[in-house]
Amino acid sequence: MVIIAGHIVVDPQQREACLAECVTVVGQARRAPGCLDFAIGADLMEDGRINIFERWETQADVEAFRGAGPGDEQGAAILAAAVAEYDVAEVRPLT
């Protein structure tokens, strides 16, 4: 399993517009082969922060979906980013 998690920072005045642009991507990801979960959402504490969480069955699934990444306009809105990819060897459900 692969988990991609972290956050990006955008101008607080632009956050809602950035999130609106992500709706289509979230839908596409959730329908993509190997996607177990995909969420992009506003942070509750920091006005310009957007949290990212993805969970995929395999690295190949991530690469097949990922493509070229954010477009130029979307990429220009990102002021900072801290997103990492994690290979998960074992999962222990909490329920």
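The values are calculated or read from the model by the stated rules, or taken from the named source; none is laboratory data. Everything quoted here is computed from the prediction, not taken from an experiment. The area values use the complete protein model at the heavy-atom level, side chains included, leaving out ligands, DNA and RNA. Shrake-Rupley method; radii C 1.70, N 1.55, O 1.52, S 1.80 Å.
Diffusion coefficient of the range 14-66 by Stokes-Einstein, Kirkwood radius over Cα pairs, 20 °C, 1.002 mPa s: 181 µm²/s.
For the range 1-43, what number results from the quotient of the Cα radius of gyration and 2.2 N^0.38 Å?
On the way: Rg = 11.7 Å, N = 43, 2.2 N^0.38 = 9.2 Å.
Expressed relative to 2.2 N^0.38 Å, the Cα Rg reads 1.28.
Report, in cubic angstrom per residue, the convex hull volume of the C-alpha atoms of the chain. Provide the component values of the computation, followed by the final result.
Working: hull volume 10.4 nm³, N = 95.
For the chain, the hull spanned by Cα atoms encloses 110 Å³ per residue.
Relative contact order for the chain: 46 percent, from Cα pairs under 8 Å spaced at least 6 residues apart, divided by residue count. Taking Cα atoms only, the orientation of helix 15-31 departs from the longest principal axis of the chain by about 20 degrees.
For the chain, modelled as a GNM whose springs connect Cα atoms under 10 angstrom apart, the maximal fluctuation among Gly67, Gly27, Gly41 occurs at Gly67.
Accessible area per residue for the chain, computed on protein heavy atoms with a 1.4 Å probe, is 67 Å².
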